[in-house]
Amino acid sequence: MPYICPMSFFLKLFGIKKETANVTSPAKRLKVLPVLPLKDTILVPGALLPLLVSNSASIELVRRFHEKNEPFIAVGIRNSKSANTDIWESIFRTGCLAYIVKLTENDNGEVSIMVRGDHKVFLESKVETSPLLKAGVIYFDDDLGVTRDVQALVHSTVQALDQLARLSYHGMDSAIAGMAKIRDPLVLLSTVTTTLPLPVEKKQQVLELKSLADKFSLLHQVLRDELDILETSSRITEKAKGDISHAQREYYLKQQMKAIKKELGESPETENEIEDLKKEIEAKNLPEAVKKDVDKDIKRLARMQPGSAEYVTVRTYMDWILELPWHEQSEDELDIARVESILNEDHFDLKRPKKRIMEYLSVKKLKNDMKGPILCFTGPPGVGKTSLGRSIARAMGRKFVRISLGGIRDEAEIRGHRRTYIGALPGRIINGMKTSGTTNPVFMLDEIDKLTRDMHGDPASALLEALDPEQNSHFTDHYLNVPYDLSKVLFITTANVTDSIPEALRDRMEIVEIEGYTQEDKLRIANGYLLPKELEANGLSQFGISFDDEAITHIIRHYTRESGVRNLQREIASVLRAIASRIARGGEPVKKVDIPFIEESLGAIKYLPDARKRTRIPGISTGLAWTPYGGEVLYVESALVDGKDEMILTGQIGDVMKESARIGLSLIRGMGIVLPKEKTLHIHVPAGAIPKDGPSAGVTIVSSLYSLLTGHVAANNLAMTGEVTLRGIVLPVGGIKEKVLAAKRAGISTVILPKMNEKDILEIEPEVLGDIQTVYVECIEDVLNIAFEGNCQPGRGHLPGQDDKTANSTVGVS
């Protein structure tokens, strides 16, 4: 079969006559030519190149010049590495004068052309860009003489082509074999350079070189490089095929990639990552039990494909292991005097928690390996429980971590999710340890009494292990699934009440009660802490503003009613904002804030002492109640109404309080006091929107009934608390300090307390009590004698089961 060379093949393919293809350069060289930019191929003099033109501007160019019988254009290739979008800036300057041999328009609007390289040109300058890119050109004449060196290089090039044909280079074995039979050096050079898929930059270098020997030398070197890559790839393929099964295509591709990397002297990226991970794990010096599990996961990681979901899961787990602190810890400040000074600087009073921290540091100074205690600060809102934890961390030189437990109902929030779940993460405790970066932070679990439970589990039970000093050295998070030591952590929890904390969890904590502040305490806190803080926050520090003590006391008495100081801080901030607004409008700042300015800024008084006014008529008595937000004054009102019911109870009274009311009625009847016929007893506790319950209103209910049925009015400066039994014995109750403080805020001077609560009063500082008189009683008749100033009539009947000793019990006054 006769051989058809590529040049003849192209001529026959496009129906071009021999004489047309050999059109010589125009006699008069054109100095300005339209430029056709090429993207992935190149044209050299003497070569035929088929092109598919799809760019609208380029289609317009070739169509216009072909129709005008001006088929000469300049062809240049764009630099693929250039980031410039401008055609002129991105095109190589050395190009080729091309002759449009044939033009064919396709149905889809594209144009197919055959161009023939005519002469090497240099694109010297841009002449115009619209509507077509035109450039001034300079013509170059290369040294194309065929020397012995050229013939030797041609021979070597033909041998390289034969080898590429045997290895089926890009599936062009037959075409390459045909090229190898070309004997004309110029035709061989132009055909190989134009046709083979060699690197475009190398083809451009062939075009730019001036001598034929240099051109063939570079072309031969490029062919040898392609041949080396092809041979290496073939060898790698054969090696990979011998190691694995033909059915494992995915694994085969991975092995082939490894072999390629190895042949090039490079380590695979994944292997480098695994090696780096091993080094980081080694440097972390993990505990032996943890390191054993981590090593297993690293081996699994090495066998996985990097793009798989399991790989990402294990890699994320490794990141958590590396980011957690295992041995890092901060140095404790064991200077007891310095710690005490910092705590006093940040918080007024709070003697119990401060004393407990001093004890902890003192023991730690003597015994360095002691386990951290689990402290629980309980008290009403606004007394400084949360901020005290931050101060403790600062005083001890430790990191501080706080998480809020309010409303958490999922056990996984505490102990994390299993790694089998998508998007699994560790729980809040482990996340807090990662945030702190040390193994001994001060870790505050805020609002522990607000935990809830549902179908997702019981988060309070999940805290049992973490908050047990005997167990938390091996705390296990579901996500980590390895033991983690929490024994060096100083856990502090906060709660408003302890009743809602499960017994097992409460047993693991040391309860430290923080009582509410007295009026004097609030005055000192306002002057020493709140005012400087709010002056700074409102940008008024430089104006020398101060408050009268009477002004602050006025805010405390008439604009706030709380155990803490949170609302007091808000009201002070409101006054300062009023001053800031005045200054911003161009007015003069108020240097001394007094009571009139307070009322001008805060508006009408919110709270007025009304205990004395509300007890002026029979049937009303004043009690004291404890709430999670501090002590409150509680009024019990009784009235007789028409009806046949024995008793009506209103005011959202709970079951325990209802029982106290029934006991009170029995006690009144036992004293010989008879209810009028056709009358119903109605007992109401005001503030009906607020639920109320508990036994401490027993004596108050009895006093209210006695006042109603005898017509005596209770003393207007007196309040009481205590549980009463059916025998008339007064039993002790809780929250004594909060109740006494509530009485003091309400302007009450005398408080009746159960005799067995006398020990609680002894724990209250005398300055807190102030001028309040406390009276201790053992039976209900003592209460009535004090409340009604001796108007009780025990002779009208003894209480049920009451003996003479009880009836004649003494009353203690302090």
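The values are calculated or read from the model by the stated rules, or taken from the named source; none is laboratory data. Just so we're clear, the structure is a prediction, and the values are computed from it rather than from any experiment. Please note: Cβ atoms are built from the backbone with ideal geometry, for glycine as well, and neighbour counts cover all protein chains shown. Accessible surface is based on the protein model in full, side chains and every heavy atom, while ligands, DNA and RNA are left aside. Shrake-Rupley method; radii C 1.70, N 1.55, O 1.52, S 1.80 Å.
A few notes on this one:
- Looking only at residues of the range 319-362 that are in contact with a strand residue (DSSP E or B) (Cβ under 9 Å, 6 or more places away or on another chain) and over 28 Å from Lys522 (Cβ atoms), we find that the one that is surrounded by the fewest Cβ atoms within 10 Å (Cβ to Cβ) is Trp326.
- The range 503-517: number of residues that are in a loop (DSSP other than H, G, I, E, B), open to solvent by less than 50 Å² (accessible area, probe 1.4 Å) and more than 18 Å from Gly564 (Cβ to Cβ): 1
- The set of residues from the range 580-595 being modelled with pLDDT under 90, in a helix (DSSP H, G or I) and either under 12 Å from Glu534 (Cα atoms) or more than 41 Å from the chain's Cα centre (by Cα) (or both) comprises just one member, Ile595.
- Close contacts from the range 717-742, counting a first residue that is part of a helix (DSSP H, G or I) and a second that is open to solvent by 10 Å² or more (accessible area, probe 1.4 Å) and among the basic types (Lys, Arg), with Cβ to Cβ under 9 Å and a gap of 6+ residues or different chains, come to Ala742/Arg561.
- Screening the candidates Ala551, Ala537 for the property of being on the phi < 0 side of the Ramachandran plot and surrounded by fewer than 19 Cβ atoms within 10 Å (Cβ to Cβ) yields one hit, Ala537.
- In summary, Leu301 fulfils each of the numbered conditions (1) at pLDDT below 85; (2) of a type in the set (A, V, I, L, M, F, W, C); (3) not in a helix (DSSP H, G or I) with the single exception of condition (3).
- Thr493 passes every criterion in (1) assigned to a helix (DSSP H, G or I); (2) modelled with pLDDT of 90 or more apart from (1).
- Note on the range 416-441: residues that are in contact (Cβ under 8 Å) with a residue 24 or more places away in the chain and among the aromatic types (Phe, Trp, Tyr) total 0.
- For the range 585-601, the criterion of a residue being among the polar types (S, T, N, Q), free of Cβ contacts under 8 Å to residues at least 40 places away in the same chain and touching a strand residue (DSSP E or B) at 6+ places or on another chain (Cβ under 7 Å) is satisfied by no position.
- Failed item, numbered, when Ala714 is tested on (1) in contact with a Leu (Cβ under 8 Å, 6 or more places away or on another chain); (2) in contact (Cβ under 8 Å) with a residue 12 or more places away in the chain; (3) within 26 Å of Lys755 (Cα to Cα); (4) not polar (S, T, N, Q): (1)
- Take the conditions (1) out of contact with any Gly (no Cβ under 6 Å at 6 or more places or on another chain); (2) at pLDDT 75 or above; Gly76 misses just one of them, which is (1).
- Scanning the range 347-367 for residues that are in a helix (DSSP H, G or I), in contact (Cβ under 8 Å) with a residue 60 or more places away in the chain, of a type in the set (D, E, K, R) and under 20 Å from Ser563 (Cβ atoms) turns up just one, Arg352.
- Selected residue [modelled with pLDDT under 85, open to solvent by less than 10 Å² (accessible area, probe 1.4 Å) and either of a type in the set (Val, Ile, Thr) or under 25 Å from Thr439 (Cβ atoms) (or both)] from Gly372, Gly427, Gly389: Gly372
- Every test in (1) farther than 24 Å from Lys210 by Cα; (2) open to solvent by less than 40 Å² (accessible area, probe 1.4 Å); (3) free of Cβ contacts under 8 Å to residues at least 60 places away in the same chain is passed by Ile73 save one, and that test is (1).
- Residue within the range 802-813 that is under 60 Å from the mean Cα position of the chain (by Cα), modelled with pLDDT under 50 and closer than 29 Å to Met671 by Cα present: yes
- Just one of the listed residues (Pro45, Pro34, Pro71) is within 20 Å of Glu105 (Cβ to Cβ) and modelled with pLDDT of 80 or more, and it is Pro34.
- Qualifying residue in the range 468-478 (condition: more than 22 Å from the chain's Cα centre (by Cα), part of a helix (DSSP H, G or I) and buried (at least 23 other Cβ atoms within 10 Å of the Cβ)): yes
- For the range 663-713, taking the residues that are farther than 17 Å from Ser621 by Cα and in a helix (DSSP H, G or I), the one that is most open to solvent (accessible area, probe 1.4 Å) is identified as Arg669.
- Qualifying residue in the range 77-88 (condition: hydrophobic (A, V, I, L, M, F, W, C) and open to solvent by 70 Å² or more (accessible area, probe 1.4 Å)): yes
- Helices (runs of 4 or more DSSP H) enclosed by the range 155-239 - at least 2 residues per element that are crowded, with 19+ Cβ neighbours inside 10 Å and under 60 Å from the mean Cα position of the chain (by Cα): 185-195, 200-208
- Lys522 satisfies every condition listed in (1) of a type in the set (Lys, Arg); (2) open to solvent by less than 40 Å² (accessible area, probe 1.4 Å); (3) touching a Pro at 6+ places or on another chain (Cβ under 8 Å) except (3).
- Leu207 meets the conditions (1) more than 30 Å from Val44 (Cβ to Cβ); (2) modelled with pLDDT of 85 or more in every case but one. The failed one is (1).
- Number of positions in the range 555-568 that are touching a helix residue (DSSP H, G or I) at 6+ places or on another chain (Cβ under 6 Å) and either among the β-branched types (Val, Ile, Thr) or surrounded by fewer than 19 Cβ atoms within 10 Å (Cβ to Cβ) (or both): 4
- Across the range 407-424, the number of residues qualifying as out of contact with any Gly (no Cβ under 9 Å at 6 or more places or on another chain) and open to solvent by 40 Å² or more (accessible area, probe 1.4 Å) comes to 7.
- Criterion (touching a Cys at 6+ places or on another chain (Cβ under 9 Å) and among the charged types (D, E, K, R)) met by exactly one of Glu781, Glu758, Glu763, Glu767: Glu781
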